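The values are calculated or read from the model by the stated rules, or taken from the named source; none is laboratory data. What you see is a predicted model; the values in this text were computed from it and never measured. Reconstructed Cβ throughout: ideal geometry from the backbone, glycine too, with neighbour counts over all protein chains shown. The accessibility values were calculated without ligands, DNA or RNA, using every heavy atom of the protein model including side chains. Shrake-Rupley method; radii C 1.70, N 1.55, O 1.52, S 1.80 Å.
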Amino acid sequence: MAGSEGPLKGVKVLDLSRILAGPTCTQLLGDLGANVIKIENPASGGDDTRQWGPPYVEDAQGNRSDLSAYFMSANRNKKSVAIDITTPEGQAEIKRLASHADILIENFKPGGLAKYGLDYAALSPEFPSLVYCSISGYGQTGPNASKPGYDLMAQGYGGIMSLTGDPEGAPMKVGVGIADVMCGMYACVGILAALRHRDQTGEGQQIDLALVDAQVAWLINEGVNYLTSGNVPQRRGNGHPNIVPYDVYETSDGHVILAVGNDGQFRRFCDFIGRPELADDPRFATNPARLENRDALNAVLRPAVQAYDTATVIAELETRKVPVGPVRTLDQVFASDQVAARHMQIAMQAAPGPVQLIGNPLKLSRTPVTYRTAPPEFGADTQAVLNAEKPFED
């Protein structure tokens, strides 16, 4: 296939990031064909997430490697190079690598790299075409710029926790580090836009990306609901602020998701549960009416749905073209024919042994993603990279 090495083949990324937001970005760039060199601190044993386990990959003798599942989730298609940036020698090595790089990405506190002469202000005069992406908790400016940022903090500060969880319970974070992941996605978009500008003009630039800014940006409809109405949204569990019924409903043997998005679907849903008159009831006939009478409607719907088993609800509503789906556990997710058909579980060979990873969701018809190298052990490529005349080449 044409372009089988990826659309970003030849793009060189110097990755000074760790944990999840930055590594999510650089893994995505690597999947798209970029050559990524990941710089890791020898004093700490590398990226913090190497120690965020178990589980870990073990070798054939059962010895634990430094490849935790957490680390592997965001670090394939990278070379690991151990450099101590606090030393003059380490700083010189970073500058040498930067001279070959198209992109540098870092997630130190604002000003944290200035004392080493590796911040954007120091590097941009020497490398004016470098695209330099800085990820921090609150950004390079503002009253909170000096504060550290973590996913949980961003979810709390940025408001998503106030919208998540049971209405009568405590504020709840999303089950994975979604603020980090989405920040990494925004970083990737910003980098590609800056790379486009660089290719047209020769001019690099700094991308200033805050974890909290990214989280505020994906408040989406709930954020604009507040800005439009002035009413602070409340937690609704799995309920939707603007659509009813759109929720998780208990069945006789489990749970099912209903997403009734328009009045026609609601009428067909009412036909299934044997209550066709609900579609003509003025309290429920339109979505605004259903929204206003959410509790009254759910008082009818919940026992009606609970009379059926999950398989019946899904089969009958799919026949009627009413959006419906299961609530699956991860063993069911990865055993599904859909995951297999879409190649969302992949196998790779890491140094200690075979590993199973989550696939990239991008399906490009001419330049597909590639899985070239498994997540590396700490410092595995140090000598090869530092001794190479062209360090980013394979």
Task: ILE358 being open to solvent by 80 Å² or more (accessible area, probe 1.4 Å) and either more than 16 Å from VAL248 (Cβ to Cβ) or β-branched (Val, Ile, Thr) (or both) - done: yes
- [ ] Being open to solvent by less than 10 Å² (accessible area, probe 1.4 Å) and either under 25 Å from GLY353 (Cβ atoms) or free of Cβ contacts under 8 Å to residues at least 60 places away in the same chain (or both) narrows it down to one of GLY33, GLY46, so name that one.
- [x] GLY46
Task: Subset of segment 218-229 that is open to solvent by 50 Å² or more (accessible area, probe 1.4 Å) and not polar (S, T, N, Q) - its residue that is nearest to GLN155 (Cα to Cα) - done: ILE220
Open item on the list: Of everything in segment 171-191, what is open to solvent by 70 Å² or more (accessible area, probe 1.4 Å), of a type in the set (A, V, I, L, M, F, W, C) and within 11 Å of LEU209 (Cβ to Cβ)? Give them in sequence order.
Closed with: MET185, VAL189
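Every residue, every condition in (1) of a type in the set (Asp, Glu); (2) within 26 Å of the chain's Cα centre (by Cα); (3) within 30 Å of PRO55 (Cα to Cα); (4) assigned to a helix (DSSP H, G or I), yes or no:
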position	(1), (2), (3), (4)
VAL305	no, no, no, yes
GLU316	yes, no, no, yes
ALA347	no, yes, yes, no
PRO352	no, no, yes, no
PRO361	no, yes, yes, no
LEU364	no, yes, no, no
PRO375	no, yes, yes, no
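Could you tell me which of the residues PRO110, PRO23 is under 27 Å from GLN140 (Cα atoms), open to solvent by less than 50 Å² (accessible area, probe 1.4 Å) and free of Cβ contacts under 8 Å to residues at least 40 places away in the same chain?
PRO110
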Task: Enumeration of residues in segment 193-242 that are assigned to a helix (DSSP H, G or I), farther than 30 Å from LEU8 by Cβ and polar (S, T, N, Q) - done: ASN221, ASN225, THR228, SER229
- [ ] Could you please let me know if GLN234 is farther than 30 Å from SER136 by Cβ, out of contact with any strand residue (DSSP E or B) (no Cβ under 8 Å at 6 or more places or on another chain) and at pLDDT below 95?
- [x] yes
Open item on the list: Quick check on THR87: is it surrounded by fewer than 19 Cβ atoms within 10 Å (Cβ to Cβ) and hydroxyl-bearing (Ser, Thr, Tyr)?
Closed with: yes
- [ ] Search segment 144-173 for residues that are closer than 22 Å to THR49 by Cβ and pair each with any residue that is open to solvent by 30 Å² or more (accessible area, probe 1.4 Å) and among the small types (Gly, Ala, Ser) when their beta-carbon atoms are under 8 Å apart and the residues are at least 6 apart or on different chains.
- [x] LYS173/GLY156
Task: Residue within segment 285-295 that is under 30 Å from GLY175 (Cβ atoms), aliphatic (A, V, I, L, M) and either touching a strand residue (DSSP E or B) at 6+ places or on another chain (Cβ under 8 Å) or assigned to a loop (DSSP other than H, G, I, E, B) (or both) present - done: no
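Going through ASP247, ASP208 one at a time, which residue ends up being in contact (Cβ under 8 Å) with a residue 24 or more places away in the chain and more than 23 Å from ASP151 (Cα to Cα)? I'd like the intermediate steps shown before the answer.
On the way: ASP208 fails: more than 23 Å from ASP151 (Cα to Cα).
The unique qualifying residue is ASP247.
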